[in-house]
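Everything on this sheet refers to the single structure shown next.
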Amino acid sequence: MTVPAAPPWLASLATPPGVYAPQADTLFLATALWREALAPGTDVLDLGTGNGTLAIYAAQQGARVTATDIARRAVATARLNASRAGQHIDVRRGDLLSPIRGRRFDLVVCNPPYVPAPGSPLHGTRNDDGRTAPGSAWNAGPDGRAILDRLCEEVPQALRPGGVLLMVQSALSGPDTTLLRLSGSGLRAAVSDHIRIPFGPVLRSRLPWLRDRRLVNPQDMFEELVIIRAQQA
C-alpha cells in the first residue's frame, strides 16, 4: 500500500507547537478507518487524538466520537479543529482510557507513541512548567512498547461485543508481540495493512543507536508501518 494523499481539508486544521502534526502514519490509519464504513451513530473512541484529525474523519462518517489526549494543548486544538470542521466531538483530557472508564465503544482508533528511544521521556511526561515534554507523542521507551503494552491490556475492556480496534505502529516496536497480547486478551487480531516509508527526522537522528540495538540493518533507510486490526468476540 502506498501512503495515501492528504485530504484537502487537512491543511486547514490547526497544529500548534507541542501538538503532534498529522504524518504518514496518521493518513495510513485514516484510510483503514475509512474502510470500516462506519454506520451513522457508531460510537468511536480516538485515543491520543493530537490535533483531532482521526476523530474528524470518524465524525464525518456520522459516528458519535469521543477523543482523549493527555496534553492540554492537544485537547484545546482538537476542540477548535472539530468546531472549524463543523463536527461535534467530545474531547476529554486524560491518560489514554482514564477519562472514559466504564464506557464501551464500537470502534477504538489509536496512533500511539511507538518509536524506540534511548532514555527518552514517555507518553505524558511533563516539563517543570507543566507542559507535555517534547517527543512524548512518539517516544515509547527502549523497545517502543511502553504504551502499546498498556493498550493491549486496557482497550479490550472498552470494546463492545464485535467492537474493533484499529491501531498503527512501527515494525521496529514488535507487531508480533502486539498480536500475541491482543489475542491473549480475547481479541481476534491481525495485521491488515503495511507500508514502507523513508526514515523521518526522528529515526535518522538515532540511527547509530537503532543499529547498535540491531533494530535496523546498516543498509536500512525505510521504516515499515503496520495497521493492527483486532475485533472483540
Original post:
Once you charge only the Cβ atoms, +1 for Lys and Arg and -1 for Asp and Glu, what is the size of the charge dipole of the range 130-181 about its Cα centre, to the nearest 20 debye?
Top reply: 180 debye
Original post:
Of the heavy-atom accessible surface of the chain (probe 1.4 angstrom), what whole percent is carbon and sulfur?
Top reply: 52 percent
Subject >> Cα-projected label distance for Ser183 with Leu207, points at 7 Å along beta-carbon direction, nm >> reply: 3.5 nm
Subject >> Where labels lie 7 Å past Cα in the beta-carbon direction, separation of Arg150 and Phe199 in nm >> reply: 2.8 nm
Original post:
Mind checking which of Arg104, Arg206, Arg196 has the largest fluctuation in a GNM of the chain, springs on alpha carbons under 10 Å?
Top reply: Arg206
**OP:** Over the chain, give the accessible area per residue in Å² for a 1.4 Å probe, as an integer.
**Re:** 45 Å²
Subject >> Of all DSSP beta bridges in the chain, antiparallel share, percent nearest 5 >> reply: 50 percent
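The values are calculated or read from the model by the stated rules, or taken from the named source; none is laboratory data. Keep in mind that this is a model prediction, so the values were computed, not measured. Methodologically, a virtual Cβ is constructed for each residue, glycine included, from the backbone with ideal geometry; neighbour enumeration extends over all protein chains shown. These accessible areas exclude ligands, DNA and RNA; they are computed on the full protein's heavy atoms, side chains included. Shrake-Rupley method; radii C 1.70, N 1.55, O 1.52, S 1.80 Å.
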